[in-house]
Amino acid sequence: MYIVAAAAPPVLKLGDLVKLLHARDWKTYVIATPTAASWIDVDVLSEASGYPVRVYPRKPHEEDPLPPADLILAAPVTFNSINKWAHGHSDTLALGLLNEALGLGLRIITAPCVKQTLRSHPAYSASIATLKNCGVRVLDPDAITVRTPEGLVSFDWSMVVSLSLTNC
C-alpha cells in the first residue's frame, strides 16, 4: 500500500498508521510532499515502514524503487493538495503518483484534513466531486478527525484503517 501524505497535523503521527497497517499484514510505502517530509522524522518513519520514505522523483536513469501499488491511501491530504490533485497538477512526487493512479484505475482512498471553513469553499466541493467521479473513496473528515491532548488536530488512525480496508 502506498501512503501518500501531505503537510497537515495528522502527518506527525503517521508512524501510528504504519504500525496499524503492518498489524494487518500490509506492506507500506510512504510518499510525502516536501513540506510533510520537513515535519516528520523521515528516518524513523522509514525504519517503521521498512522502506525509504519517498519525497522527490527519481532521476530518469534510475530504476523505480516502488513496487506497483495494490491500494493507495492518501492521508492526510490538505485543501491545497485536494484541489491540485483534482485539477491534474503534478508539482510533487506525491501528486504525480496520485494523478497516475487515477489514470491506472487503482483503488484510492483519501482522508482529507481540511477545516470546515475551507470545506465550504466552492473549489473544495468541486474537487471532491471530481475525485469521487474518478472512483476515489473520500473519507468523511468529521468521522476521522480528533483533537490531541496538546490541542492539535489529528486522525483516529484506527478509524481511518477500518474505513479504508472495508471491502478490500
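If you check ILE108 against the conditions, is it under 21 Å from TYR29 (Cβ atoms) and buried (at least 16 other Cβ atoms within 10 Å of the Cβ)?
yes
Conditions (1) surrounded by 16 or more Cβ atoms within 10 Å (Cβ to Cβ); (2) over 16 Å from ASP16 (Cα atoms); (3) without any contact (Cβ under 8 Å) to a residue 40 or more places away in the chain, marked per residue:
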residue: VAL30; (1), (2), (3): yes, no, yes
residue: PRO34; (1), (2), (3): no, yes, no
residue: ASP41; (1), (2), (3): no, no, yes
residue: LEU45; (1), (2), (3): yes, no, yes
residue: TYR56; (1), (2), (3): no, yes, yes
residue: ASP64; (1), (2), (3): no, yes, yes
residue: ILE72; (1), (2), (3): yes, yes, no
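Filter the range 15-28 for residues that are part of a helix (DSSP H, G or I), free of Cβ contacts under 8 Å to residues at least 60 places away in the same chain and touching a Leu at 6+ places or on another chain (Cβ under 9 Å); which is surrounded by the most Cβ atoms within 10 Å (Cβ to Cβ)?
The qualifying residue surrounded by the most Cβ atoms within 10 Å (Cβ to Cβ) is VAL18.
Which residue out of LEU165, LEU152, LEU139 is out of contact with any helix residue (DSSP H, G or I) (no Cβ under 7 Å at 6 or more places or on another chain) and either among the charged types (D, E, K, R) or within 23 Å of VAL18 (Cα to Cα) (or both)?
Exactly one residue qualifies, and that residue is LEU165.
Within the range 35-76, take every residue that is under 14 Å from VAL4 (Cβ atoms) and either in contact with a Ser or Thr (Cβ under 6 Å, 6 or more places away or on another chain) or of a type in the set (Val, Ile, Thr) (or both) and give me the one that is modelled with the lowest pLDDT.
That would be SER49.
Consider the range 126-156. How many of its residues are touching a residue at least 12 places away in the same chain (Cβ under 8 Å), out of contact with any strand residue (DSSP E or B) (no Cβ under 9 Å at 6 or more places or on another chain) and of a type outside the set (Gly, Ala, Ser)?
2
The values are calculated or read from the model by the stated rules, or taken from the named source; none is laboratory data. In this text, all values refer to a predicted model and were calculated from it rather than measured experimentally. All Cβ positions, glycine included, derive from the backbone under ideal geometry; neighbour counts span all protein chains shown.
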